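The values are calculated or read from the model by the stated rules, or taken from the named source; none is laboratory data. Predicted model only: the values in this text are computed from it and were never measured. When we count neighbours, we look across all protein chains shown, and the Cβ atoms used for this are built from the backbone with ideal geometry, even at glycine. We work out accessible area using only protein heavy atoms, side chains counted, and drop any ligands, DNA or RNA first. Shrake-Rupley method; radii C 1.70, N 1.55, O 1.52, S 1.80 Å.
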Amino acid sequence: MFQNEMMDSAGGDHRRFVVSLLTWTLGSKGLLRAERIRWHRVGEEDQKSTYRVKDDLVVHVNIMEWYYKQQQWKPFASDDVQIEFTSMDPYARVRLVPQGNGTFEAEVPVPDHYGVFKLEMNHFREGYTPISMYETISIRPFWHNEYPRFILRAYPYYLSAVLNLVGVFAFAVVYLYSKEPKAKAVNAAASKTVKAE
């Protein structure tokens, strides 16, 4: 593969392939570096460790590419970088949009399940070094005061609870204020049966 006869025989195509392969293998070409994933809720700037179910997050990632000839890192330009929320399986996978200067941004919906999730970026492309990084985020359910006060679909249950209360109250009123039968009539009937025997 590296012999002079092989390098000269293919008319330059073999030489370009070998040079490209060597520069990539030795880290002179296609070397990518990603900085830490940053995120925050839409409309805010502070990054928190816990978010609520069904929030929307804005995710930022900086990706730089190494240029060997200039000996410096320059912004990476691509439109196929993705990020995903995973627990065991991916819940949401979103494409990151380039913003310039190597910054990629996307709005990611938080899964509708609570628990501990990974915000994960795996970038495997031919000719570039792979990028695999993740951050852990806790997702909590709604607090008791964050639910709507009355849910439209629960009106039959509300009605049944009110009717049960009314029924118990009506039963108590009837039971407490109903009169017992007179004791004379009961005693007279009992004495007639005793005399007949």
Where residue 122 falls short, out of the listed (1) of a type outside the set (A, V, I, L, M, F, W, C); (2) surrounded by fewer than 17 Cβ atoms within 10 Å (Cβ to Cβ); (3) part of a loop (DSSP other than H, G, I, E, B) = (3)
Note on the stretch 1-45: residues among the small types (Gly, Ala, Ser), in a loop (DSSP other than H, G, I, E, B) and either at pLDDT below 75 or surrounded by 13 or more Cβ atoms within 10 Å (Cβ to Cβ) (or both) are 10, 11, 12, 27, 28, 30
Show the residue pairs that are 6+ apart or on different chains and have beta-carbon atoms under 7 Å apart, the first residue being within the stretch 100-118 and more than 29 Å from residue 65 (Cα to Cα), the second being acidic (Asp, Glu) and assigned to a loop (DSSP other than H, G, I, E, B).
-> 110/55
Failed condition for residue 170, given (1) open to solvent by less than 100 Å² (accessible area, probe 1.4 Å); (2) part of a loop (DSSP other than H, G, I, E, B) | (2)
Per the filter on the stretch 146-161, residues aromatic (Phe, Trp, Tyr), open to solvent by 90 Å² or more (accessible area, probe 1.4 Å) and part of a helix (DSSP H, G or I) are 155, 157
